[in-house]
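The values are calculated or read from the model by the stated rules, or taken from the named source; none is laboratory data. Note that the structure is predicted; figures quoted are calculated from it, not measured. Here the Cβ positions follow ideal geometry from the backbone for every residue, glycine too, while neighbour counts run over all protein chains shown. What goes into the accessible areas is simple: the full protein's heavy atoms, side chains included, and nothing from ligands, DNA or RNA. Shrake-Rupley method; radii C 1.70, N 1.55, O 1.52, S 1.80 Å.
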Amino acid sequence: MPTESKRRDVFKPAFATVQDTSAQYGRDIEDLENLPDEFIQVNQCFLVAKETLSYARKNATWDESSTDSVQSSATSLEKKAKMLQKLFSQVGEEMENDSSDGSVLDCYRDTLLKLGKSYRVEVLMLGLLKDLIALFTKELLNAENYMKFDELKEAIDTMSQVESSVSDEDFKTSGANFTQNVASGGTGNQSYYGGRGHHVFNGNGAITNYHATNISFDPDNTVGRDQLQRRSASQAQAGGRPRSREDFQIAIICALPLEYDVVSLLFDKFWDDDESYGRARGDMNSYTNGRMGQYDVVLVLLPNMGTVAAAGAAASFRSSYPNLQLAFLVGICGGVPRSGENEIHLGDVIISKSAVQYDLGKQYHKAFVIKDTVDDSLGRPNKNIRSLVASFETEHIRDQLQQKACLYLKDLQSTAAKRRRPQNYQYPGINNDKLFFTAYRHKHRGPQPCKFCDNPTDVFCENAAKESCIDLGCDETQLVKRTDLEIRGSTGDPEIFVGRIASGNSVMKSGEHRDRIAEEQKVIALEMEGAGVWDEIPCIIVKGVCDYADSHKNDLWQRYAAATAASVMKAVLGRYITTDR
Ligand SMILES: [Zn+2]
Ligand SMILES: [Zn+2]
């Protein structure tokens with residue numbers, strides 16, 4: 001007889017399909033102009049659908065005798081998601097092929113006429129959500145224990161009120177008078193939400209209300225206002241080569257060559273090929289200038305690691321690039337595997353809300369001193385950046401960000417292959433994501449004696465820190481068994497966490513100290529340069545988790561973690577809104 005958790009696998013294909021469908025929407029549909037209203041509404045429901053399925057995969061229980069009926073409702077759900085996927089994919093293709101410049105609505109109507117009325121997106125989503133709520137009414141799941149139950153109900157209410165933009169009349173109309181019908185307004189309810197996924201902020205009735213509980217609004221609405229300003233600014237610039245360094249507003253800072261290499265794979269254009277922009281007197285940094293998405297961006301590699309170096313480089317940066325509005329510090333960090341409800345894994349990405357500085361002396365295993373504990377002692381990022389990062393604390397926007405980042409990651413991997421880079425930046429695999437118990441140290445275990453590792457006071461051993469777990473014979477029976485990765489769906493898609501990062505001059509080398517710092521400072525990751533940059537330039541730290549900030553060493557994840565961080569950074573940049581100068 002299969003175990004409970006094995007039986008819950010019946011939801012696995014449905015979960016994966018819903019996940020794929022939502023990703024497909026992000027890839028093919030979301031950025032198109034003038035989307036039919038029901039597309040936007042349907043997209044808003046993916047999150048609660050995924051979360052409910054994920055909840056079912058952890059918690060659903062039923063009698064052996066009901067297994068067949070559970071299986072058939074899971075299959076029916078999956079089928080609806082597949083139909084949605086097919087519809088989105090065909091509309092996306094139509095949009096690409098359509099040489100007559102048709103609108104999304106036109107392509108949607110054409111596709112529906114081919115596939116049939118049952119493919120109306122709101123009908124499919126409503127059916128899917130009803131299949132989900134049936135899990136509660138059939139008592140496979142308990143509504144009282146599920147925090148998102150009200151959201152699920154609300155989504156069903158919303159979906160059942162959506163009117164189709166393609167009226168029943170359209171299905172009866174023959175090709176000859178089809179155009180006339182459209183022109184005379186027979187298209188039912190439609191509304192226009194332009195922009196690149198910023199519609200949650202634009203105050204347009206139903207959508208804003210629907211997610212009101214999830215979105216933390218910027219009280220002064222700077223995001224919405226600045227969005228308009230950006231349009232005029234970018235129109236003026238029109239995407240040509242910037243005239244001088246003064247035209248650059250965005251900086252990307254990396255501390256390691258491997259981080260720099262990864263970021264350079266995400267540039268869409270380089271501006272230095274023919275002519276250099278130079279640098280200010282006294283500035284020793286080297287720069288790469290180019291374009292990423294809709295922004296001109298300057299990339300710098302810091303001379304060496306640590307907060308002081310970062311501060312110096314950032315200050316020089318300012319003199320050469322006086323109009324910098326935003327710096328990203330992009331690269332790798334150590335993650336705190338568990339904090340609150342978060343299960344952080346290797347390859348996941350941390351976006352900083354704030355950084356806490358700590359300083360470690362040579363004997364850092366014994367004497368660990370935090371220099372400053374005040375939350376914003378390092379200076380606060382400007383309001384524009386704060387509201388941007390705050391928006392990533394909403395599940396809805398973080399979900400969109402994640403989908404975008406996954407696409408950039410795939411771009412990056414294929415660009416690396418095209419340029420014949422020696423690294424492929426692929427996910428190293430769930431079996432290589434190894435977390436040792438906190439108290440299990442990475443140390444010499446003989447046969448030769450080690451005066452540090454054999455010391456009962458547990459002095460830190462720098463030589464052991466340089467050797468891998470395999471070389472030192474770290475015992476894999478001491479690994480923590482983690483099961484949460486299975487329910488994430490397709491493994492290898494990085495999760496994004498927003499939280500505080502501790503920033504210090506030395507690499508953290510002990511699991512116990514990691515946990516102590518994490519608890520005292522409420523940080524979810526540790527890194528080495530953020531504090532220095534933070535002081536000089538408004539800064540968003542985007543770091544991929546390459547280890548668990550404990551004593552154990554494994555370089556397998558560094559490049560992949562740098563790649564996930566760079567991909568998330570590019571997705572964040574896509575949501576950044578500059579202000580007029
Ligand atoms: Zn040792
Ligand atoms: Zn080890």
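Quick grid of which residues meet (1) farther than 25 Å from residue 149 by Cα; (2) not polar (S, T, N, Q):
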position: 3; (1), (2): yes, no
position: 17; (1), (2): no, no
position: 20; (1), (2): no, yes
position: 52; (1), (2): no, no
position: 62; (1), (2): no, yes
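Picking from residues in region 457-486 that are within 13 Å of ligand 1 (Cβ to nearest atom) and without any contact (Cβ under 8 Å) to a residue 12 or more places away in the chain, the one that is least open to solvent (accessible area, probe 1.4 Å) is 462.
Only one of these is at pLDDT below 80 and assigned by TED's automatic domain parsing to the domain that holds residue 408: 314, 280, 327. Name it. Just a single option satisfies the conditions, and that option is 314.
In region 21-43 there is at least one residue that is closer than 21 Å to residue 158 by Cα and open to solvent by 30 Å² or more (accessible area, probe 1.4 Å). Does region 416-426 include one or more residues that are of a type in the set (Lys, Arg), open to solvent by 30 Å² or more (accessible area, probe 1.4 Å) and within 16 Å of ligand 2 (Cβ to nearest atom)? Checked against the condition, which is being of a type in the set (Lys, Arg), open to solvent by 30 Å² or more (accessible area, probe 1.4 Å) and within 16 Å of ligand 2 (Cβ to nearest atom), region 416-426 yields no hits at all.
State whether the residues of region 80-90 include one that is farther than 28 Å from residue 134 by Cα and surrounded by 18 or more Cβ atoms within 10 Å (Cβ to Cβ). Looking through region 80-90, at least one residue is farther than 28 Å from residue 134 by Cα and surrounded by 18 or more Cβ atoms within 10 Å (Cβ to Cβ).
Go over the candidates 61, 75, 52 one by one and state the one that is assigned to a loop (DSSP other than H, G, I, E, B), in the same structural domain as residue 27 (by TED's automatic domain parsing) and of a type outside the set (Phe, Trp, Tyr). The conditions single out 61.
Sort out which residues of region 432-456 are within 16 Å of ligand 2 (Cβ to nearest atom) and either without any contact (Cβ under 8 Å) to a residue 24 or more places away in the chain or aliphatic (A, V, I, L, M) (or both), and write them in order of number. Of everything in region 432-456, those that are within 16 Å of ligand 2 (Cβ to nearest atom) and either without any contact (Cβ under 8 Å) to a residue 24 or more places away in the chain or aliphatic (A, V, I, L, M) (or both) turn out to be 435, 439, 446, 450, 452, 453. On inspection, residue 105 qualifies as under 15 Å from residue 35 (Cβ atoms) and in the same structural domain as residue 46 (by TED's automatic domain parsing). Selection over region 394-412 of residues that are open to solvent by 40 Å² or more (accessible area, probe 1.4 Å) and not in a helix (DSSP H, G or I) gives a count of 0.
How about region 447-456: which of its residues are surrounded by fewer than 16 Cβ atoms within 10 Å (Cβ to Cβ) and either touching a Phe, Trp or Tyr at 6+ places or on another chain (Cβ under 9 Å) or more than 27 Å from residue 515 (Cβ to Cβ) (or both)? Across region 447-456, the qualifying residues are 447, 448, 449.
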